[in-house]
1. Which one is nearest to LEU177 (Cα to Cα) among residues in the range 130-148 that are surrounded by 11 or more Cβ atoms within 10 Å (Cβ to Cβ) and in contact with a strand residue (DSSP E or B) (Cβ under 8 Å, 6 or more places away or on another chain)?
2. Tell me which residues, restricted to the range 182-216, are buried (at least 17 other Cβ atoms within 10 Å of the Cβ) and of a type in the set (A, V, I, L, M, F, W, C).
3. What number of residues within the range 121-147 satisfy the criterion of being under 25 Å from ARG251 (Cβ atoms), in a loop (DSSP other than H, G, I, E, B) and not aromatic (Phe, Trp, Tyr)?
4. Could you give me the residue pairs with C-beta distances under 6 Å whose first residue belongs to the range 1-13 and is closer than 11 Å to ALA85 by Cα, whose second residue is acidic (Asp, Glu) and part of a strand (DSSP E or B) wherever it lies, and which are 6+ apart or on separate chains?
5. Among the residues of the range 172-181, write down those that are over 20 Å from the mean Cα position of the chain (by Cα) and in a helix (DSSP H, G or I).
6. Can you tell me which residues in the range 105-118 are loosely packed, with under 15 Cβ neighbours inside 10 Å and not aliphatic (A, V, I, L, M)?
7. Do you know which residues across the range 39-72 are farther than 28 Å from ASP117 by Cβ and in contact with a helix residue (DSSP H, G or I) (Cβ under 6 Å, 6 or more places away or on another chain)?
8. Under the condition of being assigned to a helix (DSSP H, G or I) and free of Cβ contacts under 8 Å to residues at least 60 places away in the same chain, which residue from the range 238-288 is surrounded by the most Cβ atoms within 10 Å (Cβ to Cβ)?
Amino acid sequence: MKLPIFIADAFTAEAFRGNPAAVCLLENQLDEDMHQKIAREMNLSETAFIRKLNPTEDFTRSAHFGLRWFTPASEVPLCGHATLASAAVLFYKLKNINSTLTFDTLSGVLKARKVEDGIVLDLPLYPANPQDFHEVKDLIKTALGDTVVQDVRYSPDTRKLLVRLSDNYDRSFLENLKVNAQSLLQVENTGKVRGLIVTLKGKAGSQPQAVDFYSRYFAPWVGVAEDPVTGSAHTVLSSYWSQQLGKKEMRAFQCSLRGGELAISLRPDGRVDIRGGAAVVLEGTLSA
């Protein structure tokens with residue numbers, strides 16, 4: 001078996017930043033267990049599998065595909081950066097002739113639109129509800145130590161816990177925060193939380209590139225200690241910060257070592273557009 005495979009860095013304009021995802025193109029049906037084996041072999045936070053919906057279509061002219069995402073440990077219901085990477089491979093490497101691509105996924109129909117300065121993803125928007133601090137205090141203490149927390153929310157749709165740090169902290173504090181992600185598995189093993197978002201309000205500024213909010217994201221429950229730039233986390237963050245800031249258009253930065261930039265626009269239909277760049281850094285053939 002030989003499969004075309006790519007690695008693309010998502011939510012960045014330059015190679016070796018943002019979040020790398022592997023992208024596999026499936027001409028034919030793949031044995032179910034092979035998806036996970038390939039994802040484990042690639043050992044990136046996500047490996048995406050793009051499949052043709054019928055044999056007569058091709059990756060250059062078709063506008064509608066199936067899409068699945070796997071971490072090294074499990075399949076996930078939504079992955080923004082691997083969707084962006086998949087669209088980048090189709091647009092930039094396969095020279096797909098369409099300006100908008102549609103993907104059938106476990107999170108419903110997602111779209112990716114090619115624009116002048118990147119790719120815009122049409123994603124769901126998930127509310128984050130107030131969370132009783134005492135129910136999750138052990139998890140927060142394990143993750144953040146004595147860091148002062150200003151707000152705690154929970155997204156039941158995504159099973160992500162959002163923890164907002166005090167506004168007294170700045171970006172460098174969040175960047176330098178040491179989180180032992182593996183230790184979180186011992187204090188939260190109920191299945192309620194599948195991802196931890198740590199977020200911080202940006203500093204107000206008049207410059208065009210002012211950042212509205214910062215974040216980091218940890219998901220050891222699905223086999224990803226820290227994810228460099230996370231589209232799915234921003235489906236929750238966008239909802240939260242839009243309410244907090246009273247804004248529909250925002251800029252976000254995820255403060256991992258690689259770093260990633262996201263431009264956010266809440267849509268009238270209750271979804272969210274997230275724009276980012278992508279750079280395809282590897283192209284090859286997977287043999288199995």
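1. Selected residue: LEU144.
2. LEU184, VAL193, LEU196, ILE197, VAL198, LEU200, VAL211, PHE213 - these are the residues of the range 182-216 that are buried (at least 17 other Cβ atoms within 10 Å of the Cβ) and of a type in the set (A, V, I, L, M, F, W, C).
3. Here the count works out to 4.
4. Pairs found: PHE6/GLU283.
5. SER172, PHE173, ASN176, listed by residue number.
6. GLY108, GLU116, ASP117, listed by residue number.
7. PHE70, THR71, PRO72
8. TRP241
Every read-out reported here was derived from the displayed coordinates using simple, explicitly stated rules and does not represent laboratory data. Model, not experiment: these values are computed from the prediction. With ideal geometry, Cβ positions are generated from the backbone for all residues, glycine too; neighbour counts draw on all protein chains shown.
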